């Protein structure tokens, strides 16, 4: 039986509700798209999948011709202000069945979403369907190889069988059920093989290092100073992916994966 969505998702994680954290993520997304999308964003239409309270969506909206935010979680959507709704169209909808025609958008933002949907394969198929040829996705999400689970900060939680991970949470009083499902970089590149992938994790670290918003900027300064050869070796062990996915204008013969220094 297929999993359902998490109910009242917005209330589940304290870090998720950080206003400064959302602004910091908007900063990195904009920088990555401006540098690596190859698009004039002011002429583009953008869809933010998993927009929640719309902080990232509203922050990025002035940089696009048109912006739509979509989320399944009504709890987060109810917190969107009337002022935000004047600039952005916000919709309650299912990421696995996007309510848009084929090739509707030039840009899609899918930030920290894929591990929270019942089927990430359906999510990826829908993003591909509504994205025009030549369009771009900013994609981020957790790396299964990293040993600390990023939602509960517990070691090896996401490596355990479902029943064991549920017991682990209950034992520590962290919850009753571990829902999130992440993928290794090799597996994720396989399921996203229709796209050319630009790994922009290192440039994102530089944005965080220079940010006046991000509270961990000293740590990111350290990471971004690591020599590139060593960085490439460390990359599969990073806690999160930060990728720019380029949809070819014509069907691609094979996928390209490139690490941006």
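The values are calculated or read from the model by the stated rules, or taken from the named source; none is laboratory data. Values in this document were obtained by computation on a predicted structure and should not be read as measured data. Every residue, glycine among them, receives a Cβ derived from its backbone with ideal geometry; neighbour counts consider all protein chains shown.
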Report summary line: The condition from (1) closer than 21 Å to residue 180 by Cβ; (2) buried (at least 16 other Cβ atoms within 10 Å of the Cβ) that residue 161 misses is numbered (2)
Query raised in the report: Residues of the range 101-121 being closer than 20 Å to residue 251 by Cα and either under 16 Å from the mean Cα position of the chain (by Cα) or modelled with pLDDT under 95 (or both), which ones?
Result: 107, 108, 121
Query raised in the report: Right, residue 170: on the phi < 0 side of the Ramachandran plot and either modelled with pLDDT of 95 or more or surrounded by 13 or more Cβ atoms within 10 Å (Cβ to Cβ) (or both) or not?
Result: yes
Requested in this report: Please go through the range 46-73 and pick out each residue that is assigned to a helix (DSSP H, G or I) and under 23 Å from residue 125 (Cα atoms).
Outcome: 57
Query raised in the report: Taking residue 194 and the conditions (1) closer than 30 Å to residue 118 by Cα; (2) part of a helix (DSSP H, G or I); (3) touching a residue at least 12 places away in the same chain (Cβ under 8 Å), which numbered condition does it fall short on, given that it satisfies the others?
Result: (2)
Report summary line: Given the conditions (1) farther than 20 Å from residue 55 by Cα; (2) touching a residue at least 40 places away in the same chain (Cβ under 8 Å); (3) outside any strand (DSSP E or B); (4) touching a helix residue (DSSP H, G or I) at 6+ places or on another chain (Cβ under 9 Å), every one holds for residue 101 apart from (2)
Query raised in the report: In the range 14-26, is there at least one residue being within 18 Å of the chain's Cα centre (by Cα), surrounded by 15 or more Cβ atoms within 10 Å (Cβ to Cβ) and not in a helix (DSSP H, G or I)?
Result: no
Query raised in the report: When you go through (1) more than 22 Å from residue 19 (Cβ to Cβ); (2) buried (at least 17 other Cβ atoms within 10 Å of the Cβ) one by one for residue 80, which number turns out not to apply?
Result: (1)
**Report entry** Positions within the range 239-261 being touching a helix residue (DSSP H, G or I) at 6+ places or on another chain (Cβ under 6 Å) and under 27 Å from residue 157 (Cβ atoms), in sequence order
**Finding:** 242
Report summary line: Conditions (1) in contact with a helix residue (DSSP H, G or I) (Cβ under 7 Å, 6 or more places away or on another chain); (2) over 15 Å from residue 112 (Cα atoms) -> residue 68 fails only (1)
Query raised in the report: Does residue 36 satisfy the criteria of being more than 19 Å from residue 242 (Cα to Cα) and surrounded by 11 or more Cβ atoms within 10 Å (Cβ to Cβ)?
Result: no
Query - Evaluation of residue 158 against (1) under 30 Å from residue 36 (Cα atoms); (2) in contact with a strand residue (DSSP E or B) (Cβ under 6 Å, 6 or more places away or on another chain) (one fails), failing number - result: (1)
